[in-house]
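Peer 1: Let me begin by handing over the structure; questions about it come next.
The values are calculated or read from the model by the stated rules, or taken from the named source; none is laboratory data. Quick caveat: nothing in here was measured; it's all calculated off a predicted structure. Cβ placement follows ideal geometry from the backbone for every residue including glycine, while neighbour counts extend to all protein chains displayed. In case anyone asks, the SASA skips ligands and DNA or RNA and just uses the protein heavy atoms, side chains included. Shrake-Rupley method; radii C 1.70, N 1.55, O 1.52, S 1.80 Å.
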Amino acid sequence: MRSTLVTGIGELTTNDPGLGVLHDAAVVVEGEHIAWIGPAALAPIADQAVDAAGRAALPGWVDSHTHLVFAGDRTAEFEARMAGKPYRAGGIAVTVEATRKATDTELAANLARHVSEAIRQGTTCVETKTGYGLDVEHEERSARIAAAVADEVTFLGAHIVPPGTDAESYVELVCGPMLDAVAAHVRWADVFCEEGAFDRDQSERVLLAAAARGLGLRVHGNQLGPGPGVQLAVRHGAASVDHCTYLSNEDVEALAASGTVATLLPACDLSTRQPLAPARRLLDAGATIALATNANPGSSYTTSMAFCVATAVLQMGLSVAEAVYAATAGGARALRRDTGDGAVGVVRVGARADLQVLDAPSVTHLAYRPGVPLTWAVWRRGRRVV
C-alpha cells in the first residue's frame, strides 16, 4: 500500500478526545486508513509528501441527510416561497413525477454529479435517501442506484402519500412489498412524521416494520410544527431524528437522555423560511447534534456543508468548534460510523482516511469568511480527490 505524508499542518482538528487540536502537525495516510498522527518534526518517511504550508486540516464533512436520487427542477416552487407562499410537504409530488419519468442512466448521472460537487467542497461521507419513487418499482431502482454511489442509503418510501392513493393502503405497501424490494440495497429506513405526510400511528407502523427487517431507523420530525416525531424516534431507538425545528421541553429532555442524534438542517430552515432549529438549547441540555445539508431539489438545494457550519455559528449560537464537530463527528454518530476501524468524522490512527485541508490557517475562517470557497485539498478513503 502506498503512503502519503501530509505535513506542515498549522492547525489539525482531530475530534479525538486524546489528541484534541494539534499545531505544526502531520498525518500519514496508508491505503484507506490513517496510519500516523503527530508533530511534523517527528513524521516518518512516506512514499509521497504534501506540504500544507501552515493550512488548517480537519476530518472530511459527514453529510448524514440528503435526497439526491431525483430528476427535475423546482425553481418555480422556490420563487413562490420567496414571494411568501408557505412550504408544504406536498411539493415532493412534483419531483416524484419527474423522477419516475427519468431513466436509470439519468438518475445515476445526476446523483454522481451532486456527490462530486459535495466532495469538491470537502464532504467525504454521504448518506442519501430514496423517496421520490413512491411505488415498488421506482423505490427499488432508487435504492439500487444510490447504493452504487453513496456511503449510506436510507429507504424513505414513507415520504408522502402519492396523490390519488389511500394513506392506509400506501402504508401497507411501504411496510410490505416496497420494504421487501429495497431491503438488499439499504441500511436504514426513515419516515416523514409530519402534518401532510404521515401521522403518529402510520409512522410507528413503518418504523416497526423496518426494525423487524433489521434496518436501522431514522425519522424526519418536528419540521413544520410541534409533533410526535422526536418522541417516536427516541422510543424506537432511532439513530437520528432530523429537522427538530419545533421542540418542546419534553422533546429536548428526551433527546438529551437518549442515544438519538438531533440532526439539524439549517439550509432547509432558511430556504423554507422556518425558524432555525434550537442548536444551542439542545447542546446545553446534553443532546448530541449533527449538521447536514438536506440537499434536495425542493426545500434545500445545496451540497455545501461549509454553508451549514457558517450558519450554525453566525445564526444558531454555536462556536466554530461545536459546529465543525456537529458537521463531522456528529454526522458520523448519526450514521453510527463513529467507532472502530474505518470510523469517519475523526482523525485518528485506524480511522478512514477522510481529510480536508482549508486554504486558511484555522477552521475559524469557515465562519469568519462565510461563502468563500476554502477547500484546498481533500482525501477520501485515502485517495486525494481534490
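Peer 1: Amide H to amide H, which residues 5 or more places from residue 123 or on other chains are under 5 Å from it, using H placed in the peptide plane?
Peer 2: The answer is 61.
Peer 1: Can you sort 138, 243 by solvent-accessible area, 1.4 Å probe, largest first?
Peer 2: Largest accessible area first, the list is 138, 243.
Peer 1: Shape verdict for the range 282-384, please, from the Cα gyration tensor: rounded (a/c under 1.5), prolate (a/b greater than b/c) or oblate.
Peer 2: Rounded is the answer for the range 282-384, as its axis ratio a/c remains below 1.5.
Peer 1: Taking a probe of 1.4 Å, how large is the accessible area per residue of the chain, in Å²?
Peer 2: 37 Å²
Peer 1: Right, something else. Can you list residues whose amide H is under 5 Å from residue 263's amide H, if they're 5+ apart or on another chain and H is modeled 1.01 Å from N?
Peer 2: Amide H neighbours of residue 263: 241, 242, 243, 290.
Peer 1: What list of ³J(HN,Hα) values in whole Hz, one per residue of the range 369-378 in order, does the Karplus curve 6.51 cos²θ - 1.76 cosθ + 1.60 (θ = phi - 60°) give from phi, with Gly and Pro shown as x?
Peer 2: In residue order, the calculated couplings are 10, x, x, 8, x, 9, 5, 9, 7, 9 Hz.
Peer 1: Can you find, among 125, 3, 60, the residue sitting farthest towards the positive end of the charge dipole of the chain, where Lys and Arg contribute +1 and Asp and Glu -1 at Cβ?
Peer 2: 3
Peer 1: Taking amide hydrogens as modeled 1.01 Å from N in the peptide plane, which residues meet the under 5 Å criterion relative to residue 381, leaving out close sequence neighbours?
Peer 2: Amide H neighbours of residue 381: 353, 354.
Peer 1: What accessible area, in Å² to the nearest ten, does a 1.4 Å probe give for residue 36?
Peer 2: Number for this one is 60 Å².
Peer 1: With only Lys, Arg, Asp and Glu charged, each at its Cβ (+1 for the first two, -1 for the last two), find how big the charge dipole of the chain is about the Cα centre; round to the nearest 20 debye.
Peer 2: Approximately 660 debye in magnitude.
Peer 1: Moving on. Helix-only estimate, please: 222 nm mean residue ellipticity of the chain, summing -39500 (n - 2.57) across DSSP H runs of length 4 or more and dividing by its residues, to the nearest 500.
Peer 2: So the calculated ellipticity at 222 nm is -8500 deg cm²/dmol.
Peer 1: Also, quick follow-up: Below 8 Å between Cα atoms, with a sequence gap of 6+, how large is the relative contact order for the chain in percent?
Peer 2: Averaging sequence separation for qualifying contacts and normalising by length gives 19 percent for the chain.
Peer 1: Something else about it: Counting only protein heavy atoms, what percent of the accessible surface of the chain is carbon or sulfur at a 1.4 Å probe?
Peer 2: Carbon plus sulfur share of accessible area: 52 percent.
Peer 1: May I pose another question? How large is ³J(HN,Hα), in whole Hz, for each residue of the range 276-289 in order, when computed from phi with the Karplus curve 6.51 cos²θ - 1.76 cosθ + 1.60 and θ = phi - 60°, using x for Gly and Pro?
Peer 2: With coefficients 6.51, -1.76 and 1.60, one gets 6, 4, x, 4, 4, 4, 5, 5, 4, 7, x, 6, 8, 10 Hz.
Peer 1: Got a sec? What order do 14, 7 fall in by accessible area at 1.4 Å, biggest, i.e. largest, first?
Peer 2: So, going from the largest accessible area down, we get 7, 14.
Peer 1: Enter the Cα centre distance for the pair the range 101-116 and the range 1-63, rounded to the nearest angstrom.
Peer 2: 34 Å
Peer 1: Which one, (i) 17.7; (ii) 21.2; (iii) 33.5, gives mean projected area of the Cα convex hull in nm² as derived from the coordinates shown?
Peer 2: Calculated mean projected area of the Cα convex hull in nm²: the matching label is (i).
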